[in-house]
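Peer 1: Here you go, one structure.
Nothing in this text is a laboratory measurement; each read-out follows from the coordinates by a stated rule. It should be emphasised that the depicted structure is a prediction, and the values quoted were computed from it without experimental measurement. Using ideal geometry, Cβ is built from the backbone for each residue, glycine included, and neighbour counts are taken over all protein chains shown.
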Amino acid sequence: MTTLADPVVTFLILLLIGIVAGLLAQRYLRSSWLTAQFAGRRASVTHALVGIAGSFIGFHIGVLLSLGRYGSVALFLAAALGAALVLWAWKTLRF
């Protein structure tokens, strides 16, 4: 029997949060038309990986802030917020 406290389930949920956030960011935070033409599938994978990194960062910051006492949902919301912030920063600070 698996629960949300199971590390494998938590890992998979964090992966899913990061991938979804990355794909949404790639769709709605587009760069120029020319970049979209030449980046192709590589851009989707890159956005997903950056989203995954952000979700892990947000989750662990939530753990450090003891958000786990409010339940697992608070940690997953921190993961989603972390993914969104890292994706936004990555898009904004890219040269």
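Peer 1: Modelling each spin label as a point 7 Å along the Cα-to-Cβ direction, I'd like the Ser66/Tyr28 distance in nm, to one decimal.
Peer 2: It works out to 3.4 nm between the two label points.
Peer 1: State the extension gain, in nm to one decimal, for the chain segment bounded by Ala43 and Lys91, taking 0.36 nm per residue of separation less the distance between their alpha-carbons.
Peer 2: Details: separation 48, 0.36 × 48 = 17.28 nm, distance 1.18 nm.
Stretched out fully, the Ala43 to Lys91 stretch lengthens by 16.1 nm.
Peer 1: Could you order peptides 9-19, 62-72, 47-57, 80-90 by the average number of other Cβ atoms within 10 Å of their residues, highest first?
Peer 2: Working: 9-19: 17.6, 62-72: 12.5, 47-57: 21.5, 80-90: 19.5.
Listed from highest to lowest mean packing, they are 47-57, 80-90, 9-19, 62-72.
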